[in-house]
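The values are calculated or read from the model by the stated rules, or taken from the named source; none is laboratory data. No experiment lies behind these values; they were computed from the predicted model shown. Here the Cβ positions follow ideal geometry from the backbone for every residue, glycine too, while neighbour counts run over all protein chains shown.
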């Protein structure tokens, strides 16, 4: 080995030692920062708790002083009345909405029932016309007769409508 090679190895060893030293110092600095952060956080938490306790105590004192004040009592009664009034208004609105929805549902049900009734009546008329066709159709004599309501024809009142049939 030459002197240059030895110098290069020595320098490499020194650089490795220096890198290890720097890494170790960096780790120690991180630990210190973390520790300081914890200390700072504890301090801030304690200060925040003190401030909250002070605010709470101030509010309690203010409430005690106001409770004795007759004007404050009057304002409190008025606020309670207004709150109750608002609550009743909200309840009325809700009830009126529910009633409106129920009416709409009833109307929809009635419309559906009317439509089904019309379908039944149409089917009955179609059935009667099919029976006329099966009997050989309407004769000229039958066509000339006057129209009568189906109710008059039906003895059992099965069809409750004002539709007419040719008899």
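The table below lists the values:
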{"quantity": "Residue check, residue 64 out of contact with any helix residue (DSSP H, G or I) (no Cβ under 7 Å at 6 or more places or on another chain), free of Cβ contacts under 8 Å to residues at least 24 places away in the same chain and surrounded by 10 or more Cβ atoms within 10 Å (Cβ to Cβ)", "calculated": "no"}
{"quantity": "Residue in segment 90-100 that is part of a helix (DSSP H, G or I), modelled with pLDDT of 80 or more, touching a helix residue (DSSP H, G or I) at 6+ places or on another chain (Cβ under 9 Å) and surrounded by 10 or more Cβ atoms within 10 Å (Cβ to Cβ) present", "calculated": "no"}
